[in-house]
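A.B. asks: Take this structure, written in structure tokens, and hold onto it; I'll ask about it next.
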């Protein structure tokens, strides 16, 4: 019901022969629309007792993310003060978190959707300063995280999947997030559309970079490069391509074959009436 308030509650399973649930207790302050709770363990093993609950709330007028640490054991419980995780004028929604057993002790990783730039992109953080996971022209929502087991092989990388609105449809994409955070590797669609544009490699680049794409139907392909002002700096040769996987390279030069300035550029690909875009970073 619009305007109705909701509150986050929690309980825990007592150990011992009875295995009874403890009486539930309120975790969020209440009086607002508190929803989408996520429970994060804070130690290894997972049942160490300390945990945090994260939720979204309209307590400050727009949707932001809040967290509260709590510790429980048998009939004892201790609650810390509520903390506001996101401090911005944007809407932050759809939190999802997981304990990642990487490094010495591991850490909880949280992902969410935020419209800081006017449309929703996916962000992440370890209950501390955030980093950006998606940065393109397409709305993104509903992120989730998974851990690659067994660890440490493959390398300490978690996987984030989300919905992205491309070509008039919501597709599912995924990307690897290494332990050092902040750098998303190998972004890929899980449910391909008629045209799939992958993240360029290498990225950042300083000599040239490969731009890979898949086509379900043959057609003319055009690739254009734009700067952050929206000005077109390069049009790569237009070619007819068959169905399948292809790639084109950009050498970091404009239409006059002069090196472009350092910065972020938008690579836009058109094929068969569909369009996709990625952002590339040029560091000469």
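A.B. asks: Over the Cα atoms of the range 200-271, what is the Rg over Rh ratio if Rh follows Kirkwood?
C.D. replies: Rg/Rh for the range 200-271 comes to 0.97.
A.B. asks: Pop a pseudo-label 7 angstrom from the Cα along the beta-carbon direction at both residue 35 and residue 58 and give the gap in nm to one decimal.
C.D. replies: The two pseudo-label positions are separated by 0.9 nm.
A.B. asks: Here is a follow-up. Along the Cα-to-Cβ line of residue 22, 7 Å from the Cα, sits a label point; which residues in the range 54-86 have backbone N less than 20 Å from it?
C.D. replies: 54-55, 67-83
A.B. asks: Related question: Would you please put 256-267, 217-228 in order of how densely packed they are, using the mean number of other Cβ atoms within 10 angstrom per residue and starting with the highest? Present the calculation step by step, with values, prior to reporting the outcome.
C.D. replies: On the way: 256-267: 13.6, 217-228: 15.9.
Highest to lowest by the protection proxy: 217-228, 256-267.
A.B. asks: For residue 89 paired with residue 9, estimate the spin-label separation in nm (one decimal), with each label point 7 Å from Cα along the Cα-to-Cβ line.
C.D. replies: Placing both labels 7 Å along Cα→Cβ, they lie 3.9 nm apart.
A.B. asks: Right, next: Ranked highest first by average number of other Cβ atoms within 10 Å, how do 232-239, 60-67, 272-279 line up?
C.D. replies: 60-67, 272-279, 232-239
Values in this text are rule-based calculations from the coordinates and carry no lab data. Since we're looking at a predicted model, the values are computed, not measured. When we count neighbours, we look across all protein chains shown, and the Cβ atoms used for this are built from the backbone with ideal geometry, even at glycine.
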